[in-house]
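Computed from the coordinates by the stated procedures, all read-outs in this text should not be read as laboratory data. Source: prediction; values computed, not measured. Methodologically, a virtual Cβ is constructed for each residue, glycine included, from the backbone with ideal geometry; neighbour enumeration extends over all protein chains shown.
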Amino acid sequence: MRRIYVDLIEKHFVENSQMLFLVGARQVGKTTVAQLIINKYKESLYLNWDIVKDRQLILTGQSFVENILPSNVLREKKPLIIFDEIHKYKDWKNYLKGFFDLYKNKFDILVTGSARLDIYKAGGDSMMGRYFQYRIHPLSIRELTNVDMGNQEIAPPALLATDKFNNLYKYGGFPEPYLKARDNFLQQWYSFRDKQLFSEDIRDLSNIHEVGQLEVLAFILKEQVGQLLNRSNLARKIRVDASTISRWITVLERFFFCYSIRPWSKNITRSLIKEPKIYLYDWSLIEDKGAKFENFIASHLLKAVDLWNDLGIGGYGLYFIRNKDKKEVDFLVTKNDKPLFLVEAKLSANNRVSANMQYFQAQLQCPHAFQVVLDLDYVNKNCFEYNTPVIVPASTFLSQLI
């Protein structure tokens, strides 16, 4: 299936000479994107650190490429070199820095990884200015309706067929379980992915030996999606200290198991709450209906914010709002440190517009405020035409995010 990231990568290499780092969770579609990009090149080379023969080739030094794609040959278009999972090589930063300095004008260089490529703090000289990083997210409603990306924040609304919407919501946005849409396959896929994540990736790359306790933490976080993070309570349950909980959550975030959304604190009187909330990249893991829908909305918002930032459209942030008086709104999206729109997630349209959302919109002078609901049918109307709080279908609102 086509992904929006194919056009993004193509455009990058037309406009820039820097390497492109494509980072995201295991099985989120990086290999598929790489294969689709390869098809657009007459000459290319794909190298995967997990494959022994490729690893052996990489370790011979950067100039190995001369024996495969000589750099002194006149070509109409630069060949593409893909390094997959090379961050598992201890000296990967120095290696890529040297490769780029040798061949930046000879090859387009794409680097992909299932852990964040900044996971190692040590590793030689900075690569500042030598790469741009793009984050690949699970599938979203917008991506399933239109993969053509512009440079605008908001797209026109587009209808996603009901069965596709339901499959995305139930089976999550990772391509394989979404496409299979079978309960038994989803359970098998969970089991296999968890083994890879905890017993292989995290154990091998993070130096965490208490993998069993880390898995317990991950299980508890599934049950606490959308709640304020209480490190002390988690520490007592898992029998470690709070600083260890903080470190482990950072590791889980770096391996794209979960992500944190922090409270917005500017221009809010009586603001007190500082703890973040935790959400999962795979919302299909969540059993509670309300928490699952909130996570579904959060993941779409995070994907949009990351893409807007990666494309250089502006400086965007995703937050929640809660003050000392316990007034709360699920999400706030900001642009260049100014409120852009508020979002409250509700399962049913039977609720009135949230009074808290009205309160915070007035206080922050936020241009838009949306109460996004699951049980409303798609409406072919631009949600962003409204400046007062409005109840909107999730299928409409989410289709407008890039």
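This structure gives log10 I(q)/I(0) by the Debye sum over Cα atoms at q = 0.08, 0.10, 0.12, 0.15 Å⁻¹, computed directly, and of (i) -0.48, -0.70, -0.90, -1.20; (ii) -0.42, -0.69, -1.03, -1.68; (iii) -0.46, -0.72, -1.02, -1.47 that value is listed as (iii).
FRET efficiency for the pair Glu328 and Tyr190, taken as 1/(1 + (r/R0)^6) with r the Cβ-Cβ distance and R0 = 51 Å, rounds to 0.95. Once the Cβ-Cβ distance of Ser63 and Ala349 is raised to the sixth power relative to R0 = 51 Å, the FRET efficiency obtained is 0.20.
Pairs over the 31 Å Cα-Cα cut-off, from the set Lys30/Lys222; Lys93/Lys266; Lys97/Lys303; Lys11/Lys289: Lys93/Lys266; Lys11/Lys289.
Put simply, the amide H of Lys40, placed in the peptide plane, has no neighbours under 5 Å, leaving out anything fewer than 5 places away on its chain.
Cα to Cα, under 19 Å, and not fewer than 8 places away if on the same chain: which lysines meet these conditions relative to Lys90? Answer for Lys90, where 19 Å is the Cα cut-off: Lys53, Lys121, listed by chain and number.
Straight-line reach from Lys180: taking Cα to Cα under 16 Å and skipping same-chain neighbours fewer than 8 places apart, the lysines in range are Lys164, Lys170. By DSSP, the beta bridges lying fully in segment 234-360 are antiparallel in about 90 percent of cases. Working value for segment 1-85: equivalent-ellipsoid semi-axes of 21, 19, 11 Å, each the square root of 5 times a Cα gyration tensor eigenvalue, largest first. From its DSSP helices (H runs of at least four residues, each -39,500 (n - 2.57)), the chain gives a residue-normalised ellipticity at 222 nm of -11000 deg cm²/dmol. Angle of helix 183-194 to the longest C-alpha principal axis of the chain, folded into 0 to 90 degrees and rounded to 10: 60°.
Take 346-352, 293-299, 228-234 and order them by the average number of nearby Cβ atoms within 10 Å per residue, most first; the result is 293-299, 228-234, 346-352. For segment 265-344, the residue among Leu280, Pro339, Trp308 whose Cα projects farthest onto the positive side of the dipole built from Cβ charges is Pro339. Applying 1/(1 + (r/R0)^6) with r as the Cβ-Cβ distance of Lys266 and Gln35 and R0 = 41 angstrom yields a FRET efficiency of 0.40. The label-point distance for Thr388 and Asp50, in a model that sets each label 7 Å from Cα toward Cβ, rounds to 5.4 nm.
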